[in-house]
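Undergrad: Just passing along the structure, written as structure tokens.
The values are calculated or read from the model by the stated rules, or taken from the named source; none is laboratory data. On a predicted model such as this, the values are computed, not experimentally measured, just so you know. Positions of Cβ are backbone-derived with ideal geometry, glycine not excepted, and every protein chain shown enters the neighbour counts. These area figures cover heavy atoms from the full protein model, side chains too; ligands, DNA and RNA do not enter into them. Shrake-Rupley method; radii C 1.70, N 1.55, O 1.52, S 1.80 Å.
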Amino acid sequence: MKGAALMTACVSAYVINDAFMKLLFSEIALFQAVFLRSIITVPPILIMVWITKVAIRNLSKQDKRLILVRVGAEIFITITFLTALKHMPLANVTAILQALPLAITMAAALFLSEPVGWRRWSAILVGFVGVLIVVRPGLEGFNIYSLSAFMAIIFLTVREIATRKLKSEVPTITVVLSTAVGSTLFAGIMMIGSEWDTVSALSWLLILGAAVAILIATLLSVMAMRIGDIGFVSPFRYTSMIGAIGLGILMFGDWPDQPTLVGTLIIVSTGIYTFHREQKVSRKATTQ
């Protein structure tokens, strides 16, 4: 239950970050917002590095490559996800990203040789049907930025697979630091030659709030996965839809339409089924 509470708080913090960033995009450019948020998040991470003194250590070539892949994936996630967030309702983008656990299960089967039975393959296929209902390709509700959100799922999957393949000896803070520095440098490079928008006091508050939210979300995510049983805790990721719909209505006046709600229900239901099926198969393998 503690792990479930931490996961619920984690995804809530992520949604708050998303909402603040979406508000910022109406005032300043995307990469400027990312850069300013990043330069606020890096110092606290450096302080944690200094306190723990574990971030700098010898890493194998494979781990270094995996960290580079993870940083690259994080950069593309930033581009695709925030681009979609800028042009789409918060609830719609969040709904599409609910397919991430299904995508990770599929990628684990294809690239990590993890066993996935026909029931979970069926759930994955049904879950992506739910994504198509939200995206609605070829219909009036379709938005080209929906594809950007879908691309974010692909890069998120690459990031999670790279993370899973890292050796357990690699400190978490090393991964967090490399990701934060990589994102900051990339956003700074993208700002070269661009016009710098004036940042109002309200925008600075939103940037600070987004930075605090993203740091809290990252910390709670690690704590939740280490404290609670994964099969019980992971489905609580889907509570983010409640916050996304609520903040979307309160802050942007975006009411989700019926196809979005139906697609979200399908995605969440198949995702929860996949988690429980994975746990059942794991318990069965343990007892044999």
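Undergrad: Hey, can you tell me all the residues within region 81-101 that are of a type outside the set (Ser, Thr, Tyr) and in contact with a Ser or Thr (Cβ under 6 Å, 6 or more places away or on another chain)?
TA: Ala84, Asn92, Ala95
Undergrad: Considering (1) open to solvent by less than 30 Å² (accessible area, probe 1.4 Å); (2) in contact with a Ser or Thr (Cβ under 6 Å, 6 or more places away or on another chain); (3) at pLDDT below 85, say which one Phe236 fails and leave the rest.
TA: Answer for Phe236: the failing condition is (1).
Undergrad: Continuing with this model, one more query. Please go through region 171-228 and pick out each residue that is touching a helix residue (DSSP H, G or I) at 6+ places or on another chain (Cβ under 9 Å), over 20 Å from Val54 (Cβ atoms) and among the polar types (S, T, N, Q).
TA: If the condition is that a residue be touching a helix residue (DSSP H, G or I) at 6+ places or on another chain (Cβ under 9 Å), over 20 Å from Val54 (Cβ atoms) and among the polar types (S, T, N, Q), then Ser183, Thr184, Ser194, Ser203 are the ones that fit.
Undergrad: Working carefully through the options Thr105, Thr94, Thr80, find the one that is more than 21 Å from Phe236 (Cα to Cα), buried (at least 20 other Cβ atoms within 10 Å of the Cβ) and of a type in the set (Ser, Thr, Tyr).
TA: Thr80
Undergrad: Now a separate question. Among (1) open to solvent by 70 Å² or more (accessible area, probe 1.4 Å); (2) more than 18 Å from Leu185 (Cβ to Cβ), where does Leu68 come up short?
TA: Answer for Leu68: the failing condition is (2).
Undergrad: Specify the residue that is least open to solvent (accessible area, probe 1.4 Å); the eligible residues are those in region 8-29 that are polar (S, T, N, Q) and modelled with pLDDT under 90.
TA: Thr8
Undergrad: Anything in region 51-72 that is more than 30 Å from Gly130 (Cβ to Cβ) and assigned to a helix (DSSP H, G or I)? List them, or say none.
TA: Ile51, Thr52, Lys61, Gln62, Asp63, Lys64, Arg65, Leu66, Ile67, Leu68, Val71
To keep it simple, each residue is scored yes or no on (1) in a helix (DSSP H, G or I); (2) touching a residue at least 60 places away in the same chain (Cβ under 8 Å).
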position	(1), (2)
Gly3	yes, yes
Thr8	yes, yes
Ile28	no, yes
Ile47	yes, no
Glu74	yes, yes
Thr83	yes, yes
Ala91	yes, yes
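Undergrad: Those residues that are over 20 Å from Thr264 (Cα atoms) and touching a Lys or Arg at 6+ places or on another chain (Cβ under 9 Å), I need them from region 87-110; list them, please.
TA: Ala108, Ala109
Matching residues to (1) among the aliphatic types (A, V, I, L, M); (2) crowded, with 18+ Cβ neighbours inside 10 Å; (3) more than 25 Å from Met106 (Cα to Cα); (4) touching a residue at least 12 places away in the same chain (Cβ under 8 Å):
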site	(1), (2), (3), (4)
Arg164	no, no, no, yes
Ser168	no, no, no, no
Leu177	yes, yes, yes, yes
Ala180	yes, yes, yes, yes
Ile192	yes, no, yes, no
